[in-house]
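**Student:** Mind having a look at this structure? Questions to follow.
Laboratory data are not the source of any read-out in this text; all were calculated from the coordinates shown. Because the structure is a prediction, the values reported are computed rather than measured. Counting neighbours? That spans all protein chains shown, and the Cβs are built from the backbone with ideal geometry, glycine included.
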Amino acid sequence: MSQEYDIKLTRAIRNLKADTEFSWGGESPDNAEDFKKIKWITYENGEAVINTINPHSELTWTKVKAEMDRSDAEYDANEYARNRKAEYPIIADQLDDIYHNGIDGWKATIKITKDKYPKG
């Protein structure tokens, strides 16, 4: 698996259970059987304890995979916003545009980018 996949998997687990600590120490889990191999880290009396049994019943492979898919869909749906952000002038230039051309002039400048990358 790729580093990008590892990040998505970690994000999905943390979205479902924010304070969870874990490690898979090798090949990333990409199915229910591999998911069972994750090492879960909990703390007892201030000491880290590594568990091979998942102590979080709400964290199943099905739920983690569904969260990864949901997160991917959300990311894809917001591509227009990322593209707009990259093309909008910096705030100082936008303020200068407002000063020299008024709100209507600024709106015309911004509309070019909004039209280039329409929302959804």
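**Student:** Using only Cα atoms, tell me the angle between helix 61-77 and the longest principal axis of the chain; keep it within 0 to 90° and round to the nearest 10.
**Tutor:** Once rounded, the angle reads 10 degrees.
**Student:** Also: Note the angle between two axes, namely the Cα long axis of helix 3-16 and the longest principal axis of the Cα atoms of the chain, as a number of degrees from 0 to 90, rounded to the nearest 10.
**Tutor:** Helix 3-16 sits at roughly 80 degrees to that axis.
**Student:** List, in the order given, every pair from 85/116; 65/85; 85/111; 17/85; 63/119; 37/65 whose Cα-Cα distance in the structure shown is over 19 Å. Mind dumping the intermediate values first?
**Tutor:** Working: 85/116 12 Å; 65/85 29 Å; 85/111 13 Å; 17/85 30 Å; 63/119 29 Å; 37/65 16 Å.
Table pairs above 19 Å Cα-Cα are 65/85; 17/85; 63/119.
**Student:** How much FRET efficiency would the formula 1/(1 + (r/R0)^6) give for residue 79 and residue 45, where r is the Cβ-Cβ distance and R0 is 41 Å, rounded to 0.05?
**Tutor:** Rounded to the nearest 0.05, the efficiency is 0.30.
**Student:** For helix 91-116, what angle does its Cα long axis make with the longest principal axis of the chain, in degrees from 0 to 90 and rounded to 10?
**Tutor:** 70
**Student:** Another question, then. To the nearest 0.05, how large is the calculated FRET efficiency for residue 92 and residue 3 if R₀ is 41 Å and r is the Cβ-Cβ distance?
**Tutor:** Numbers: r = 35 Å, r/R0 = 0.86.
Computed FRET efficiency for residue 92 and residue 3 comes out at 0.70.
**Student:** Please give every one of the aspartates and glutamates within straight-line cross-link reach of residue 36, meaning a C-alpha to C-alpha distance under 20 Å, and leave out same-chain neighbours fewer than 8 residues apart.
**Tutor:** Cα-Cα hits under 20 Å: 6, 19, 21, 27, 58, 67, 69.
**Student:** Could you grab the relative contact order for the chain? Cα pairs under 8 Å, six or more apart, rounded to a whole percent. Present the calculation step by step, with values, prior to reporting the outcome.
**Tutor:** Details: 94 pairs, mean separation 24.5, N = 120.
Taking the mean separation of contacting Cα pairs over the length of the chain, I get 20 percent.
**Student:** Here is a further query. When the helices in the chain are scored as -39500 (n - 2.57) per DSSP H run of 4 or longer and the sum is shared across all residues, what 222 nm value do you end up with, to the nearest 500 deg cm²/dmol? Let's see the in-between values first.
**Tutor:** Numbers: 5 runs with 70 residues, N = 120.
That calculation yields -19000 deg cm²/dmol at 222 nm.
**Student:** Expected output is a single nm value to one decimal: the length gained when fully extending between residue 101 and residue 71, i.e. 0.36 nm times separation in residues minus the C-alpha distance. What is it?
**Tutor:** Details: separation 30, 0.36 × 30 = 10.80 nm, distance 4.00 nm.
Extra length from residue 101 to residue 71 when fully extended: 6.8 nm.
**Student:** What share of all Cα pairs of region 24-120, in percent, falls into each consecutive 5 Å distance bin?
**Tutor:** 2, 11, 13, 12, 9, 8, 7, 7, 8, 8, 8, 5, 2
**Student:** Tally Lys/Arg at +1 and Asp/Glu at -1 over every other residue whose Cβ is under 12 Å from the Cβ of residue 101; what's the total? Don't skip to the end; give the middle numbers.
**Tutor:** Values: positive: 107; negative: 93, 96, 97, 104.
Neighbour charge sum, excluding residue 101 itself: -3.
**Student:** Quick one: go through region 83-100 and flag any residue whose amide nitrogen is under 16 Å from the point 7 Å out along the Cα-to-Cβ line of residue 113.
**Tutor:** Hits in region 83-100 for residue 113 at 16 Å: 83-99.
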